[in-house]
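The values are calculated or read from the model by the stated rules, or taken from the named source; none is laboratory data. Small disclaimer: the values here were computed from a predicted structure and weren't measured. Note: ideal-geometry Cβ built from the backbone for every residue, glycine included; neighbour counts use all protein chains shown.
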């Protein structure tokens with residue numbers, strides 16, 4: 001294949017026109033970060049804002065991929081054009097598995113776009129790349145944009161909590177409800193799916209969740225808007241409950257629209273993105289200072305001539321405006 | 001008990017004189033962070049620099065607490081004055097368990113000081129508080145200072161990787177070796193302990209580790225210094241192998257001294273601390289800007305008048321020197 005020499009503008013126009021290869025190249029730029037990623041984001045910013053963003057997370061083995069695969073097939077059949085961004089913050093090693101799923105899913109659904117995103121062991125990268133990839137899918141007419149992630153840790157809470165609708169998938173017998181509660185997923189979940197609901201213990205998971213929701217809703221924020229996250233029992237591999245999962249997601253979107261919470265979520269998402277970008281830029285400034293003009297402070301701290309605290313303060317004076 | 005109205009200077013002098021209550025109060029200040037923590041750190045900075053800092057980590061249930069308890073008893077019996085800082089970054093819920101261990105351990109060993117440190121769900125706090133607590137123990141004459149942490153994630157790698165000697169505890173049948181490899185613990189470990197070595201599978205763990213070390217040492221850094229992390233088989237609860245664990249830790253300290261690596265580790269530790277302090281201070285500056293003079297940029301980004309990228313750049317101009 002000849003080398004693609006198109007500019008970012010040209011690739012973007014082609015991607016908006018439906019060319020999958022152009023979109024793939026832009027997503028690679030977004031994943032790598034830096035000035036090209038920013039340029040793509042700027043272009044997409046003008047055209048985005050229509051997609052319903054759905055985050056789906058849960059422990060490894062909870063059957064998320066199967067569930068997402070079934071949802072995508074149903075959405076395509078209903079004439080929609082869904083995109084899936086599959087991110088795995090904990091393990092670069094499973095990239096292969098996600099890729100395999102991706103190819104199988106796209107084979108079946110030519111109108112869907114499925115992309116896996118590696119993190120290269122750097123969780124900060126995800127916080128920057130995910131919103132840009134979502135914006136690009138959105139600008140290219142994909143709707144809904146589904147972010148699929150693995151695990152119940154802080155990164156998942158951040159990624160999924162920034163969606164319009166956050167779906168948490170659980171299974172019997174893994175203590176998932178307790179884990180999710182600890183990790184703070186309970187606070188960000190809008191829809192719970194108890195998958196593999198034909199297995200023993202499924203009702204226990206439901207009961208645990210119900211109890212925790214009872215407790216958390218006494219003090220919760222969402223309760224002010226009259227919304228309690230529904231619990232859907234499903235068996236994705238048999239197709240049982242998939243319709244109800246999606247209907248519940250759509251009902252949540254309607255709830256957001258009815259209560260003005262959609263705008264609140266959007267603002268929260270932008271704020272989170274700016275915060276992540278600021279943190280990244282500040283970290284880069286600090287690193288380049290420590291390699292350059294600030295190397296002396298660091299050396300003096302290393303040899304205990306000044307304390308780490310003093311070194312930090314002197315570096316801040318070099319770095320920040322309004323430091324005295 | 002009357003309220004303790006002593007100044008930080010007075011508390012510090014008392015703690016250096018051996019008063020446990022004063023040391024406890026200073027550790028609480030360190031844990032809370034802020035100006036008082038900085039003041040304690042400044043005082044301790046002048047007197048620290050003697051302690052051998054040992055990091056111990058491993059999965060929950062690997063028997064670390066038992067191992068540490070036995071080591072502490074042996075050290076006290078040998079006339080030393082060890083301190084233990086038990087941190088649990090993943091779960092504030094286990095604080096109680098750690099506290100129970102702590103009380104039992106101190107009951108038996110009046111010359112040891114054991115302190116658990118909660119993270120209050122904020123992993124950044126650990127990166128700031130741990131080095132300060134270690135410095136304070138060091139300045140008060142405790143040696144060695146043992147940092148005990150749970151799990152094999154990034155926080156553990158950071159905390160334990162900043163020690164002079166990093167000990168990773170594994171057990172049969174938990175896939176620990178593979179997990180540790182993924183998390184990057186293999187690169188920072190100086191001593192491996194296969195605990196519960198009387199259980200089936202202990203030799204498999206050893207073989208897995210050996211294989212991984214063979215592979216990693218083809219490209220590893222430490223190999224340049226002729227050091228390969230030893231693997232010690234132990235059964236802490238029976239007391240088997242504990243002597244060998246500590247002898248191996250001491251041998252590693254000797255290796256550090258012989259090769260000049262002790263100084264390199266110290267410098268790395270200071271650099272890591274300054275980096276964490278800078279990140280914290282920059283994050284606070286960014287947050288207060290977004291609440292103050294930068295609120296307008298944020299609002300315009302939220303209403304899509306400017307892109308998140310533009311908002312970030314404008315905020316950076318307000319924040320940093322040398323931005324045009």
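Consider residue B:291 carefully, then state whether it is farther than 28 Å from residue B:132 by Cβ and surrounded by fewer than 18 Cβ atoms within 10 Å (Cβ to Cβ).
So residue B:291 does not fit the description; no.
Out of curiosity, is residue A:23 more than 14 Å from chain B (Cβ to nearest Cβ), in contact with a strand residue (DSSP E or B) (Cβ under 7 Å, 6 or more places away or on another chain), buried (at least 19 other Cβ atoms within 10 Å of the Cβ) and closer than 27 Å to residue A:276 by Cα?
Details: more than 14 Å from chain B (Cβ to nearest Cβ): yes; in contact with a strand residue (DSSP E or B) (Cβ under 7 Å, 6 or more places away or on another chain): yes; buried (at least 19 other Cβ atoms within 10 Å of the Cβ): yes; closer than 27 Å to residue A:276 by Cα: yes.
Judged against the criteria, residue A:23 is a match.
Residues considered: A:39, A:110, A:73. Of these, the only one that is within 14 Å of chain B (Cβ to nearest Cβ), modelled with pLDDT of 70 or more and either in contact with a helix residue (DSSP H, G or I) (Cβ under 7 Å, 6 or more places away or on another chain) or over 30 Å from residue A:233 (Cβ atoms) (or both) is A:39.
Scoring residue B:236 on the criteria (1) within 14 Å of chain A (Cβ to nearest Cβ); (2) buried (at least 17 other Cβ atoms within 10 Å of the Cβ) leaves a single failure, condition (1).
Report yes if residue A:298 is buried (at least 19 other Cβ atoms within 10 Å of the Cβ), at pLDDT below 95 and closer than 22 Å to residue B:311 by Cα, otherwise no. Explain how you work it out, then say what you get.
On the way: buried (at least 19 other Cβ atoms within 10 Å of the Cβ): yes; at pLDDT below 95: yes; closer than 22 Å to residue B:311 by Cα: no.
No, not satisfied.
When residue B:51 is tested against (1) at pLDDT below 90; (2) more than 30 Å from residue B:202 (Cβ to Cβ); (3) buried (at least 21 other Cβ atoms within 10 Å of the Cβ), exactly one condition is not met: (1). When residue B:248 is tested against (1) surrounded by 16 or more Cβ atoms within 10 Å (Cβ to Cβ); (2) within 14 Å of chain A (Cβ to nearest Cβ); (3) under 27 Å from the mean Cα position of the chain (by Cα), exactly one condition is not met: (2).
Within region A:200-220, not a single residue is modelled with pLDDT of 75 or more, touching a helix residue (DSSP H, G or I) at 6+ places or on another chain (Cβ under 9 Å) and not in a helix (DSSP H, G or I). Checking every residue in region B:155-165 against the condition of being modelled with pLDDT under 75 and either in a loop (DSSP other than H, G, I, E, B) or more than 18 Å from residue B:252 (Cβ to Cβ) (or both) gives at least one match. For region A:54-69, the candidate set comprises residues that are touching a strand residue (DSSP E or B) at 6+ places or on another chain (Cβ under 6 Å) and modelled with pLDDT under 90; within that set, the residue that is farthest from residue B:302 (Cα to Cα) is A:62. Listed by first and then second residue, the pairs linking a residue in region B:40-55 that is on the phi > 0 side of the Ramachandran plot to a residue that is assigned to a loop (DSSP other than H, G, I, E, B), with Cβ atoms under 8 Å apart and 6 or more places separating them unless they lie on different chains, are B:49/A:304.
When residue A:321 is tested against (1) at the interface with another protein chain (Cβ under 9 Å from one of its Cβ atoms); (2) at pLDDT 90 or above; (3) loosely packed, with under 14 Cβ neighbours inside 10 Å, exactly one condition is not met: (2). Please go through (1) free of Cβ contacts under 8 Å to residues at least 40 places away in the same chain; (2) within 14 Å of another protein chain (Cβ to nearest Cβ) for residue A:255 and return the number of the only condition it doesn't satisfy. The one condition residue A:255 does not meet is (2).
Restricting attention to region B:301-313 and to residues that are closer than 15 Å to residue A:266 by Cβ and touching a helix residue (DSSP H, G or I) at 6+ places or on another chain (Cβ under 7 Å), the residue that is farthest from the other protein chains (Cβ to nearest Cβ) turns out to be B:306. Scanning region B:270-300 for residues that are without any contact (Cβ under 8 Å) to a residue 24 or more places away in the chain, facing another protein chain (nearest Cβ under 7 Å) and under 24 Å from residue A:45 (Cα atoms) returns a single hit, B:298.
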